[in-house]
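The values are calculated or read from the model by the stated rules, or taken from the named source; none is laboratory data. Note that the coordinates shown come from a computational prediction; the quantities given were computed from them, not determined experimentally. In this analysis, Cβ positions are derived from the backbone assuming ideal geometry, glycine residues included, and neighbour counts consider all displayed protein chains. Protein only, heavy atoms only, side chains kept; ligands, DNA and RNA dropped before computing areas. Shrake-Rupley method; radii C 1.70, N 1.55, O 1.52, S 1.80 Å.
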Amino acid sequence: MRTLRFLLQSAGPLALLLGPLGFASAGFNAGLMATIHRALTERQLGHDVVLAFIGFGLGRALSGYLSTVLLGNHATKTVTELRRDIIARLPTVPYRLFERVGAGRVHAALTQDLIVLESALSSVPTAVTSAAMLVGGAAYLAYLNPVLFLGCSALVLPCFFVFRLAARHADAAYSLQRAAYDRLYHHFGALTQGMKELKLHAARRLSFLEGPVRETTNTLREQDVASRSRYALASVVNQALVLGMLATVLFLVPQGSALRTQVGSGYVLVGLYLMSPLAALSRMWPTFRAAEFAMQSLQDLGIRLQSAQDEASADPSIQPGVTRIELHSATHRYDDERNFVLGPISLQLVPGEVVFVVGGNGSGKTTLGRLLAGLYEPSSGELLWDGQLVDAQHRDAYRQLWSAVFSDPYLFDRLYGLDPTNLEQRATQLLSKLQLTGIVRVTDGTFSSLEVSQGQRKRLGLFVALLEDRPLYLFDEWAADQDPQWKQTFYRELLPELRARGKGVVVITHDDRYFDAADRLLVLHDGQLDA
C-alpha cells in the first residue's frame with residue numbers, strides 16, 4: 001500500500017524499531033491469549049500463570065503504547081512536513097501544467113487530498129496495533145492445533161475474493177468521487193469570483209446552482225455511499241469468517257472429543273477476541289484506499305513525493321545579471337483543442353531596449369511573453385541566457401531576471417521577498433509617483449487595502465514590479481485599463497525612464513498611437529513573426 005510505504009520510507013531509522021515492536025506486540029498478544037486460555041481451563045493455577053499474565057499484559061500495553069506514540073508522533077510530523085512540502089513543490093511544477101489542470105484541481109489537492117492523507121496517516125498506529133493483535137491471535141490458534149487452524153483458514157480464501165471484489169467496485173466509486181472533488185472546487189472558484197454576475201442574473205444563478213453544483217454534490221454523495229456500502233459488505237464478510245470459525249469448533253467438532261476439550265474453548269475465546277481488531281481494520285481500510293487515490297492525484301498533478309524537484313530552485317539572495325536573451329527557432333505548442341503553435345521564432349533582447357509585441361487577438365503575443373519570461377518551456381528550439389541554455393537546472397534562476405505585470409495581475413497583501421532596507425520610504429515615494437497616495441499605504445511591508453479599481457490594481461502591480469528592480473520587465477496589456485492620462489504617462493515617461501536605467505522592457509500592447517515609443521516592433525500574426 002502506497003500510503004503505508006510512504007510513511008515507512010519517511011520514518012528513516014524509526015522504521016528499524018517499528019518492525020521489532022510489531023513482532024513483540026504480536027508475541028505479547030499471543031502469550032496473553034494463551035495465559036487467559038490456560039487460566040480458564042486449568043483446575044489449579046500456579047504463580048507462574050499469574051506472573052505470565054502480568055508480564056504479557058504489561059508487555060502488550062507497553063509495546064502498544066510505544067507503537068502508538070512513536071507512529072502517532074511520526075504521522076503527525078509527516079503530515080505537517082508533507083503539507084509544507086507539497087506547498088513548496090507546487091511552484092516547481094511547470095506553469096503550463098497549472099493552466100491545463102485548472103485552479104479547482106490544485107485547490108482540491110491542497111485541501112481534500114491533504115485531509116484524506118492526514119486521516120490515513122493518523123490511523124496507522126491503530127491499524128498497526130490491530131494487525132499485531134490479529135497476528136498474535138492467529139499464531140496462538142496455529143499453536144493450539146495446526147490442522148484445525150489450516151481448516152479454519154480455508155474459509156479465508158472465498159472471503160478474500162469477496163473482499164477484493166467489493167474493494168474493486170469501491171475503488172471505482174473513489175475514482176469518480178475524487179474527480180467530482182476537482183469539479184466541486186472549480187465550482188467554488190466560479191461561485192466566489194463570479195458572485196457579482198450571479199447576483200445580477202437570477203436565471204444564471206439558478207441554472208448554475210441547480211445544474212453543475214447539484215450534479216457534482218449528488219455525485220459526491222452517491223459515490224461516498226457506494227464505496228462505504230461496498231466496504232461495509234466486505235467488513236460483514238470478514239466477521240462472518242470469524243463466526244464461521246467459531247461455528248466449525250462449536251458444531252462440527254464432536255462433543256466430548258479430545259480436540260474439542262483441548263482447543264475448543266481457546267478457539268472460541270480467541271475468535272471473540274479477534275472480532276474487535278478485525279472490525280477496526282475493516283473500518284480503516286476505506287480511509288487507506290481513499291489516501292491511495294489522493295496520493296495518485298497529487299502525483300498526477302506533477303507533485304512527486306520524496307523525489308527531486310522538476311526545476312532547481314533559484315537562490316533568492318542572488319540577483320542575476322544579463323547581457324542578452326535569445327530565442328533560436330523556438331516554438332510553443334498547446335496540447336489542447338486550440339492546436340495553436342507559436343513559432344518557430346528567433347530573436348534577441350538586450351537590456352536598455354524597449355520592445356513592443358503587437359498583433360491581433362489570438363496571434364500569440366501573451367504566449368511569446370510567457371515564453372520569454374521562462375513561464376513556458378519551448379516545445380522545440382532553444383531559449384538562451386547569455387549564450388547558456390535555459391533548462392530545468394537554470395529556468396528558475398533565469399526567471400529571477402524578470403518582473404512582470406500581467407493582464408490579470410494578482411496582488412499579495414504583503415511585499416514578500418523584497419529588501420526591507422528603506423522599503424517603506426521607497427514605497428511611499430513610488431506610491432506618490434503613481435498617484436496612489438491616499439488610496440493605499442504600505443506599513444511594515446503590508447498593503448493597507450487591495451480594494452481598488454482595475455486600473456489602480458494594475459498600477460499597484462507596476463508599483464511592485466518597480467520596487468523589485470529587476471533587469472527585465474514584461475508588461476502584458478498594462479495600459480488597457482488606464483485612462484488617457486495614465487497611458488500617456490506610461491508610454492512617454494515610465495518606459496523611457498526604464499530604458500535610461502538600462503532595463504530591458506517587453507510591452508504587449510494594442511495602442512498603435514504609441515508604437516513610436518518602442519525601439520523595435522515585433523508583429524505577430526497567427527503565431528508567426530512578420531518579416
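Here are the numbers for the structure shown:
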read-out	value
Pairs with Cβ under 7 Å, 6+ apart, first in the range 166-194 and among the basic types (Lys, Arg), second part of a helix (DSSP H, G or I)	ARG178/PHE293; ARG178/SER297; ARG183/GLY104; ARG183/THR216
Qualifying position, being crowded, with 20+ Cβ neighbours inside 10 Å, modelled with pLDDT of 75 or more and more than 28 Å from SER63 (Cβ to Cβ), among ALA108, ALA132	ALA108
Pairs with Cβ under 6 Å, 6+ apart, first in the range 66-94 and over 20 Å from VAL128 (Cβ atoms), second open to solvent by 20 Å² or more (accessible area, probe 1.4 Å) and not in a helix (DSSP H, G or I)	THR92/GLN309; THR92/ASP310
Number of positions in the range 400-437 that are open to solvent by 30 Å² or more (accessible area, probe 1.4 Å) and among the hydrophobic types (A, V, I, L, M, F, W, C)	4
Options TYR473, TYR398, TYR491; residue that is at pLDDT 90 or above and under 21 Å from THR92 (Cβ atoms)	TYR398
Pairs where the first residue, in the range 196-210, is under 18 Å from ARG183 (Cβ atoms) and the second is open to solvent by 100 Å² or more (accessible area, probe 1.4 Å) and part of a helix (DSSP H, G or I), C-beta under 7 Å, 6+ apart	LEU198/ARG204
Residues (open to solvent by 50 Å² or more (accessible area, probe 1.4 Å), farther than 15 Å from LYS433 by Cβ and among the acidic types (Asp, Glu)) located in the range 490-518	ASP512, ASP516
Any chance ALA120 is open to solvent by less than 40 Å² (accessible area, probe 1.4 Å) and not acidic (Asp, Glu)	yes
Among the residues listed as GLY22, GLY102, GLY59, the single one being surrounded by 15 or more Cβ atoms within 10 Å (Cβ to Cβ) and at pLDDT below 70	GLY22
Subset of the range 409-443 [modelled with pLDDT of 85 or more and acidic (Asp, Glu)]	ASP413, GLU424
Looking only at the range 490-522, and only at residues there that are in a strand (DSSP E or B) and under 41 Å from the mean Cα position of the chain (by Cα), the one that is nearest to GLY321 (Cα to Cα)	GLY504
Selection status of LYS487, under 27 Å from GLY343 (Cβ atoms), open to solvent by less than 70 Å² (accessible area, probe 1.4 Å) and either within 40 Å of the chain's Cα centre (by Cα) or not hydroxyl-bearing (Ser, Thr, Tyr) (or both)	no
Residues that are in contact with a strand residue (DSSP E or B) (Cβ under 9 Å, 6 or more places away or on another chain) and in contact (Cβ under 8 Å) with a residue 40 or more places away in the chain, drawn from the range 470-495	ARG470, PRO471, LEU472, TYR473, LEU474, PHE475, ASP476, GLU477, TRP478, LEU495
Subset tally (residues that are at pLDDT 85 or above and either in contact with a Cys (Cβ under 8 Å, 6 or more places away or on another chain) or open to solvent by less than 50 Å² (accessible area, probe 1.4 Å) (or both)) for the range 322-339	7
Residues that are closer than 16 Å to ALA465 by Cα and outside any loop (DSSP other than H, G, I, E, B), drawn from the range 426-444	ARG426, ALA427, THR428, GLN429, LEU430, LEU431, SER432, LYS433, VAL442
Test: GLN528 is polar (S, T, N, Q) and surrounded by 15 or more Cβ atoms within 10 Å (Cβ to Cβ)	yes
In the range 65-88, residue most open to solvent (accessible area, probe 1.4 Å) [restricted to those that are within 15 Å of SER123 (Cβ to Cβ) and among the hydroxyl-bearing types (Ser, Thr, Tyr)]	THR76
Count of the range 348-378 residues which are within 20 Å of ARG470 (Cβ to Cβ) and surrounded by fewer than 16 Cβ atoms within 10 Å (Cβ to Cβ)	3
Enumeration of residues in the range 476-526 that are of a type in the set (Phe, Trp, Tyr) and over 19 Å from SER403 (Cα atoms)	TRP486, TYR514, PHE515
Test: residue in the range 183-199 that is of a type in the set (A, V, I, L, M, F, W, C), within 14 Å of the chain's Cα centre (by Cα), assigned to a helix (DSSP H, G or I) and more than 29 Å from SER276 (Cα to Cα)	no
The one condition in (1) aliphatic (A, V, I, L, M); (2) modelled with pLDDT under 80; (3) under 26 Å from LEU298 (Cβ atoms); (4) open to solvent by 60 Å² or more (accessible area, probe 1.4 Å) that LEU165 fails to fulfil	(3)
So GLY461, is it open to solvent by less than 20 Å² (accessible area, probe 1.4 Å) and more than 24 Å from ALA427 (Cβ to Cβ)	no
